[in-house]
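The values are calculated or read from the model by the stated rules, or taken from the named source; none is laboratory data. All values derive from a computational prediction rather than experimental measurement. Here Cβ is always computed from backbone atoms with ideal geometry, including for glycine, and neighbour counts include all displayed protein chains.
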Amino acid sequence: MERLDKILSATGRWSRREARELVRQGRVSVDGHLAVTAEEKIDSAACILVDGEMLAHEKYIYVMLHKPAGVLSATEDSRQPTVLDLLPPDWRRRGIAPVGRLDKDTEGLLLLTDDGALSHRLTSPRYHVDKVYYARVSGTLTMADAEAFAAGMILTDGLKCLPAELKILSPGECLVTLQEGKFHQVKRMLAHRGKPVTYLKRLSMGDLRLDETLAPGAYRLLTPEELTLISHSTPSKL
């Protein structure tokens with residue numbers, strides 16, 4: 001049970017003050033009855049109409065974005081576009097944020113949500129959620145590179161990298177699977193092996209895979225099946 005004004009404002013479409021004004025003006029009904037007060041406690045399964053339109057009032061939203069290159073994985077920046085600039089204003093007002101980060105010039109799967117607990121579980125190093133990247137590099141990849149990734153490595157700047165998988169697809173292409181996500185890690189590890197990255201794309205996070213029908217910059221809500229998959233990637237259910 002939650003207050004009606006809180007449910008309305010949680011959609012991102014109205015502030016608490018605006019929600020109270022909607023109720024005062026008689027524009028909100030709950031389960032077929034005109035709402036009397038914005039402080040009324042409402043069941044989460046109630047049918048709420050605003051101006052005759054059914055309100056979608058899920059507790060959290062989960063968005064899959066095919067992040068394009070040239071956009072920051074941030075909630076705001078005064079000089080450069082961010083991933084939130086690609087989303088509807090209603091979602092931004094809910095406090096939606098990226099789960100982890102992709103470099104500015106890296107493309108691929110980016111999950112955004114206002115579910116802070118899930119975001120923490122997916123990004124915390126203690127849970128070791130696999131992240132798979134496709135990379136193109138300069139130079140020729142060898143089994144020695146794959147073995148170095150599997151053994152873990154210490155970079156020249158002292159960064160310690162956990163063991164990771166490098167699967168060679170061609171002399172200049174590979175898949176990299178990490179269980180951590182340190183700053184520019186895929187690029188730094190490959191550069192350490194003398195194979196600088198020329199293109200990088202994240203394909204999956206845990207069991208959630210990028211929908212390849214989404215063009216760069218496109219997004220959609222996760223399906224119920226995908227929500228189940230992402231919950232199985234963490235030690236706690238949604």
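For the condition surrounded by 12 or more Cβ atoms within 10 Å (Cβ to Cβ), more than 18 Å from residue 93 (Cβ to Cβ), without any contact (Cβ under 8 Å) to a residue 24 or more places away in the chain and not assigned by TED's automatic domain parsing to the domain that holds residue 94, what is the one hit in 19, 35, 46?
Of 19, 35, 46, the one residue that is surrounded by 12 or more Cβ atoms within 10 Å (Cβ to Cβ), more than 18 Å from residue 93 (Cβ to Cβ), without any contact (Cβ under 8 Å) to a residue 24 or more places away in the chain and not assigned by TED's automatic domain parsing to the domain that holds residue 94 is 46.
Here's a check for you: in segment 73-119, which residue that is in contact with a Pro (Cβ under 7 Å, 6 or more places away or on another chain) and of a type in the set (A, V, I, L, M) is nearest to residue 9 (Cα to Cα)?
Taking the candidates together, the pick is 112.
Out of 124, 138, 78, 119, which single residue is within 20 Å of residue 198 (Cβ to Cβ) and not aliphatic (A, V, I, L, M)?
From the options 124, 138, 78, 119, the qualifying one is 138.
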